[in-house]
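Take a look at the structure set out below.
Coordinate-derived values only; no laboratory data. Being a predicted model, the structure only gives us computed values, none of them experimental. Note that we place each Cβ from the backbone using ideal geometry, even for glycine, and neighbour counts take in every protein chain shown.
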Amino acid sequence: MDAYIQFAKQAIEEYIKTGKVIPVPKDLSPEFYSRKAGVFVTIYKEKELRGCIGTYLPTKNNIAEEIIDNSIAACSRDFRFNKITEKDLPQLSYEVSILSEPKPVENIKKHNPRKDGIIVKCVDGRCGLLLPNLDGIDAVDQQISIACQKGGIDPRSDKIRLFEFNVEKHQ
């Protein structure tokens with residue numbers, strides 16, 4: 001099992017079983033401590049989405065802390081789903097997405113929803129994000145529309161800015 005997935009799984013299982021947040025272990029590869037990036041943790045139960053929460057910019061000291069925080073959020077604070085229980089744990093699979101730094105979309109015709117994630121931002125702070133390469137999302141306008149819905153943004157009346165990012169996906 002990939003080290004990122006194993007780490008997210010460990011954080012989720014400890015939190016579900018004990019209610020405690022694991023400390024950052026001392027035996028991870030150096031990248032976990034030195035790298036800063038936005039991280040999304042996605043949880044599936046028998047291939048169905050069960051939770052997905054993350055940050056598109058780093059909010060912690062390193063990706064180890066980002067993974068712990070977003071793993072716990074994905075299993076307990078994704079309000080689209082019921083909280084995960086200990087009974088669910090054997091049926092879960094995980095995905096950890098490490099995001100590149102977002103950059104403004106310079107040419108929407110070159111944006112590829114299979115490889116590029118999208119962030120839609122309004123001047124008032126509302127924001128919607130969609131990771132790349134999601135099943136059924138093949139068109140740029142579809143990706144932008146869903147990101148707008150997630151952020152409560154009306155692209156016809158709200159002044160928006162588009163940003164894109166790539167993902168290093170661990171499954």
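A Gaussian network model of the chain, with springs between Cα atoms under 10 Å, assigns the largest mean-square fluctuation among THR59, THR42, THR85 to THR85. Highest GNM mean-square fluctuation among PHE81, PHE32, PHE40, for the chain modelled with Cα contacts below 10 Å: PHE81. Count charges around ILE63 for me, please; just the other residues with Cβ under 15 Å from its Cβ, Lys/Arg as +1, Asp/Glu as -1. Result for the local shell: -4.
Summarising the strand pairing of segment 1-150, around 100 percent of its internal DSSP beta bridges are antiparallel. On a per residue basis, the convex hull of the C-alpha atoms belonging to segment 112-171 measures out at 81 Å³. For segment 83-112, run through the GluC sites (Glu not before Pro) and keep only the ones in DSSP coil with at most 11 other Cβ atoms within 10 Å of their Cβ. Answer by residue number: GLU106. The lysine pair count for segment 103-165, using Cα distances under 18 Å and pairs eight or more places apart or on different chains, is 6.
Put in line by how crowded their Cβ is, counting other Cβ atoms within 10 Å and starting with the fewest, GLU101, GLU14 read GLU101, GLU14.
Close lysine pairs were tallied over segment 1-52: pairs 8 or more places apart or on different chains with Cα atoms under 23 Å apart number 11.
For the chain, what does -39500 (n - 2.57) per DSSP helix run (n ≥ 4), summed and divided by total residues, give at 222 nm, in deg cm²/dmol to the nearest 500?
Working: 4 runs with 47 residues, N = 171.
Taken over the chain, the calculation gives -8500 deg cm²/dmol.
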